[in-house]
Each structure stands twice: as structure tokens, then as C-alpha cells.
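Undergrad: Could you have a look at this structure, given as C-alpha cells, before my questions?
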Amino acid sequence: MIVILFGPPGAGKGTQAKLLSSYLASEHVSTGDLLRQHVRDGSALGEKAKSYMDKGELVPDELVTDMVSDYIQKLEKNKGFILDGYPRTYAQAESLTGLLKGMGRSIDAAFYFQTDKDVIVRRLSGRRICKKCGRIYHIETMPPKNDMRCDDCTIALEQRNDDKEATILNRLAVYLAQSTPVLDYYEKKALLKRISGNADAQSVFILLKDALAPSTKAAHNR
Ligand code: AMP
């Protein structure tokens with residue numbers, strides 16, 4: 001299956017994508033993670049992307065689309081994947097449809113996590129990550145066991161540059177301006193399902209699995 005997780009920054013897409021990819025034994029494709037890896041590696045793409053990311057702006061469509069299309073085409077043939085953070089603009093949505101069509105594949109479902117602004121700001125400003133393994137923590141709701149260190153890697157957790165409050169508000173404004181047409185795009189294709197993203201991760205995952213069930217059945221019957 002090919003599933004899109006869509007919603008504002010802080011809606012919990014990354015957390016839900018990790019849960020869903022292990023539930024469906026699918027690949028988790030996060031454009032944010034891929035871009036951050038390019039920045040860490042100091043690649044040409046990473047150098048171009050960094051200034052946009054630090055300001056909370058979107059990286060230009062053609063850069064992200066080329067990166068995603070390279071990545072997807074290298075995945076095991078017919079393997080399912082969960083897209084987290086892509087597409088984020090109308091042009092990206094159209095590119096993705098074209099890419100999948102060329103591969104004889106199509107999207108099974110797009111989930112939109114509707115999340116309140118105060119929940120988003122609280123989640124993002126308290127989020128800490130392990131830069132080694134990518135595990136996500138929250139200072140209040142999901143703290144690590146020891147002294148702000150990753151439970152698995154033991155290295156010190158960090159706050160993402162774009163999780164500072166001023167950047168969070170900019171990311172939200174960017175999201176509203178550029179990503180709303182993506183909702184309409186999948187709504188018109190009758191692929192969009194709305195879920196409340198306000199509750200804790202496990203409760204949202206139950207809603208996600210329920211909403212996914214008809215698409216899973218349809219995919220099995222194909
Ligand atoms: P995320 O981890 O999904 O919140 O993404 C972090 C940052 O990476 C975003 O604020 C953007 O600067 C960039 N980014 C991630 N995905 C995309 C995308 N599909 N299009 C453009 N920029 C992206």
C-alpha cells in the first residue's frame with residue numbers, strides 16, 4: 001500500500017508514520033528526515049536546503065521532488081511505503097501522481113491529521129530528538145528515562161533548529177498558505193480521510209488503523 005500522512009507541522013505525522021510502517025511492514029519515507037540527513041552529510045542538496053529549513057520555509061519543489069523520486073525508485077519493487085511530509089504543495093502532489101503512474105502504482109489513502117494550534121505549539125516546542133537514531137521525545141509527555149539522553153543511543157537529545165517558537169509560527173503560516181491545495185487535490189480524488197490529531201499518539205493510532213481498514217481490504221482484493 002502507498003499511504004500519505006498529511007497535516008500541519010506538529011500534527012504527529014512522524015510518530016504515526018513510525019507506528020504505521022511497523023504495523024504494515026512498509027517503508028517510512030520522511031522528506032524532513034531525508035533532508036536533515038543531506039544537511040548532516042553536507043551534500044549539495046543539503047547545502048541548498050538548509051537555509052530554507054532553518055527559516056521554516058519549504059525547500060523548492062524540484063529539489064524535494066527529485067530527492068523523493070530517486071528514493072522511491074530505489075525501494076524494493078511493489079513494497080508499500082508511508083509518505084510523511086510529502087507532498088506538501090499542489091505541484092508536488094501532481095509530480096507524485098505522475099511518478100507513481102509511471103511505476104504502475106497509485107496512492108491507496110491520504111490521511112489528514114486535524115490538529116489545534118495550541119496543541120501544535122506545545123508539541124513542537126517540547127519536542128527533542130536523538131540525532132543518531134531519529135527517535136522522538138517530548139519533555140513533558142514522552143521524556144527519556146535518563147537526563148535528556150536517548151534511551152537507545154545514550155547521546156544527548158537536541159531541539160531541532162526549526163522547533164523554536166518563532167520558526168514554529170512561520171512553519172504554520174507556510175503550511176496554511178501552501179499545503180491547503182493539497183487537501184483539495186486528494187479530496188477531489190476521494191482519497192482523503194480526516195482524523196483528529198489532538199489526542200496522544202496511541203489514541204490517534206487507533207483512529208488511524210480504523211480509518212485505514214477499508215483501504216487495506218480494497219488493496220488485498222486487488
Ligand atoms: P518536517 O520534518 O516534515 O517538519 O520537515 C522539516 C522541514 O523540511 C520543513 O519545514 C521544510 O523546510 C523541509 N521539507 C520537508 N518536506 C518538504 C517538502 N515536501 N517540501 C518542501 N520542503 C520540505
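The values are calculated or read from the model by the stated rules, or taken from the named source; none is laboratory data. A quick note: this is a predicted structure, and the numbers were derived from the prediction, not measured. With ideal geometry, Cβ positions are generated from the backbone for all residues, glycine too; neighbour counts draw on all protein chains shown.
Undergrad: All but one of (1) over 29 Å from Asp41 (Cβ atoms); (2) at pLDDT 90 or above; (3) out of contact with any strand residue (DSSP E or B) (no Cβ under 8 Å at 6 or more places or on another chain) hold for Ala110; which doesn't?
TA: Result: Ala110 fails condition (3) only.
Undergrad: Go through the range 175-222 and give me each residue that's farther than 23 Å from Lys117 by Cα and of a type in the set (Asp, Glu).
TA: Scanning the range 175-222 gives a single hit, Asp210.
Undergrad: Related question: In a helix (DSSP H, G or I) and more than 12 Å from the ligand (Cβ to nearest atom): does that describe Val119?
TA: Numbers: in a helix (DSSP H, G or I): yes; more than 12 Å from the ligand (Cβ to nearest atom): yes.
Judged against the criteria, Val119 is a match.
Undergrad: Sort through Leu5, Leu20, Leu45 and tell me the only one that's modelled with pLDDT of 95 or more and surrounded by fewer than 21 Cβ atoms within 10 Å (Cβ to Cβ). Walk me through how you get there before you give the answer.
TA: On the way: Leu5 fails: surrounded by fewer than 21 Cβ atoms within 10 Å (Cβ to Cβ); Leu20 fails: surrounded by fewer than 21 Cβ atoms within 10 Å (Cβ to Cβ).
Going through Leu5, Leu20, Leu45 in turn, just one is modelled with pLDDT of 95 or more and surrounded by fewer than 21 Cβ atoms within 10 Å (Cβ to Cβ): Leu45.
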